[in-house]
Structure formats: structure tokens, C-alpha cells
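Readers should treat all values here as calculations from the given coordinates under stated rules, not as data from a laboratory. Since this is a predicted model, take the numbers as computed values, not measurements. Cβ sites come from the backbone with ideal geometry, for glycine too, and all protein chains shown count toward neighbours.
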Amino acid sequence: MDRSMLAEMLTFAEETARAAGGILRDRFGKDHDVVFKGTIDMVTEADKASEALIVERIRAAYPEHDLLGEEGARGTASASGLQWIIDPLDGTTNFAHHLPTFAVSIGLEQHGRSLLGVVYDPMREECFTAARGEGARLNGQPIHVSSTPELIRSMLVTGFSYDRETRLKQAHLWRVFIPQVQAIRQTGSAALNLCYLAAGRFDGYWERGISAWDVAAGACILQEAGGMVTDLDGGPFSSADRVILGSNGLLHPAMLEMIRMHGEFPPEGVTS
Ligand code: IPD
Ligand code: CA
Ligand code: CA
């Protein structure tokens, strides 16, 4: 991909994420039309309005590109292999509870390889961006992962999917990590977790049960900020996988080792 073309598409993605974020900011704190996709997995009218805006703009600007949106938008596979991956509101549960921590996430991949990512938090007006080979930025300023060298000095972050069994596995890993680290947080937005890791606010992140739209943009931003992203066994990362391990790079071996040694669920000797 030509550098100027990539820069043009990054500008387009940023403008689109900012416009969609404006919709979320306008609707924040009001009553919402909530529909449940599962027992606890909800979608509001704001998720749908944000996705509609993003998809309309992509179809107008890049009609030949494929797209994948959390709220159902689909394109058709293109010969170029270019696909936009969209989470119109990452952090819906926060948003519905009037907690101002959520973001719009727009990633672009080519044959499954990330080319760019934009994650926009409209309440803090923080826009995280990255293009392959060009570094990562927050509101235009370069960002880099932390240099925290040991788990006991680290602040980790995780999240919980909407599936009960997956949550129990996550809770088990939480228990494995908590005595070994300074703190573990949960923001409620996978996209922001990856961007905060990219900006050095967190040192490591793991999650099971995520989807491509949760992490496609954020993983690109983390890698461009000097971080590392793999699956939970240390294998290559793909946004199509349902698991992710991200870190500042320095903590990756220690986190992988903890997961390898103690990550099995139910723990050895315990029957559920
Ligand atoms: C969720 C958030 C959450 C993560 C879940 C995601 P949504 O996305 O990113 O942090 O733990 O796995 O599904 O539903 O708010 O778009
Ligand atoms: Ca999401
Ligand atoms: Ca979402």
C-alpha cells in the first residue's frame, strides 16, 4: 500500500470516527432504546446510529472495499482484500449505565493484516491513531508503550465477555495474576484497553471472548506504539481469533508463562 494512500485513508477514518463519536456524545446520559442480543449483551439506538454513519461514509468513499460492523453491516469480499472493521460503540454497557468510558473503533485490514486503526473517545476527546510503519499517536502526538520491566510493578487490564463460561475462565486468570502485580483494572472497552496500553497507561492486557471489531484498530495502535500482541499461547495475533494478549513487550514472556503454568480452567484438581 502506497504511503500517501494510507495517510489519506487514515485521515478519512479519523474524520469518520470523530463524526460517529459526536453522535455518541450527543446521546450520552439520555434515556436509550435498549435491545438485548443475549441475556446481558445489549445494543442501543446510539450503537446503530453510529454504525449507520460510519458505513454510509465508507460505502461512499470506498465502494469497492469490504466491511464488517458489529451491528450487522457487511460488505462483499473484494479482490484487494481490504476490509474495514467497525465497532460503532465499544463500551455499550458503560454507555447504557451513563459511565463516560467508551469509544468508536475503526480498523482497516488487508488479507487479515492490519493497515491502520483509529479509536476515538468522544467524552475525553482522545483520538488514538496508527498506520502500519508510521507509529502511533494520541491527538497527533507520538505515543509509546511503558518500560515497566516486572509484573510486580505492572498495572494490567482485562475485560469480561458476555458468555458465562468464558467469564469464569477470565475470573480464574484474574485470580492467577492478582497476587503477582501492582493492580488489575477493567475499563469496559477492549479498544481503549489496547490504546491505554499503547500510551503507557497500562502494561499488559489479556482477554478471552473478544471479536474482531473489539480489537482490530487497537491492536494496530499497540503494535505501532512498540507493544506486542499475540494469542494466549504466544502465537501470531489475528483479529479473527477470540483471544488476545497485549503488553509493552517486556512483560510478554512473564505473562505467557503465568498463563501457561496456571491458566488452565477449571484449575487442576478442581471439578466444577
Ligand atoms: C465489549 C467491550 C468489553 C469487552 C467485551 C466486548 P461492546 O464490547 O469491549 O470491554 O470485555 O468483550 O464485547 O459490547 O461494549 O461493544
Ligand atoms: Ca466491542
Ligand atoms: Ca460495540
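Computed from Cα atoms, the angle from the helix 45-61 axis to the main principal axis of the chain rounds to 60 degrees. Using only side-chain charges placed at the Cβ, +1 for Lys and Arg and -1 for Asp and Glu, the dipole size of the chain relative to its Cα centre rounds to 440 debye. Compared with the dominant principal axis of the Cα atoms in the chain, helix 212-224 is inclined by about 80°. Each peptide among 43-51, 18-26 gets the average number of other Cβ atoms lying within 10 Å of its residues, and from highest to lowest they stand as 43-51, 18-26. For the stretch 151-262, what does the alpha-carbon gyration tensor say about shape, rounded, prolate or oblate, given a ≥ b ≥ c as the root eigenvalues, a/c under 1.5 as rounded, and a/b over b/c as prolate? Since a/c stays below 1.5, the shape of the stretch 151-262 is classed as rounded. Could you please state, rounded to a whole Å, how far the C-alpha centre of the stretch 1-62 is from the C-alpha centre of the stretch 113-145? Spelled out, the Cα-based centre of one part sits 16 Å from the other.
Sort 219-227, 3-11 by the packing proxy (mean of other Cβ within 10 Å over each peptide's residues), most packed first.
Averaged packing, sorted descending, gives the order 219-227, 3-11.
Relative contact order of the stretch 3-142: 22 percent, from C-alpha pairs under 8 Å at least 6 residues apart in sequence.
What translational D, rounded to a whole number of µm²/s, comes out for the chain from Stokes-Einstein when the hydrodynamic radius is the Kirkwood one over Cα pairs, at 10 °C and 1.306 mPa s?
Details: Rh = 18.6 Å.
My calculation gives 85 µm²/s for D.
Using a 10 angstrom cutoff on alpha carbons, build the Gaussian network for the chain and name the most mobile of ASP33, ASP66, ASP121. Result: ASP33 has the largest fluctuation of those listed. Other residues within the sphere of radius under 9 Å centred on the Cβ of GLN83, judged by their own Cβ, net out at -2 (K and R +1, D and E -1).
Distance from the Cα centroid of the stretch 204-272 to that of the stretch 179-195 is 12 Å (rounded to whole angstrom).
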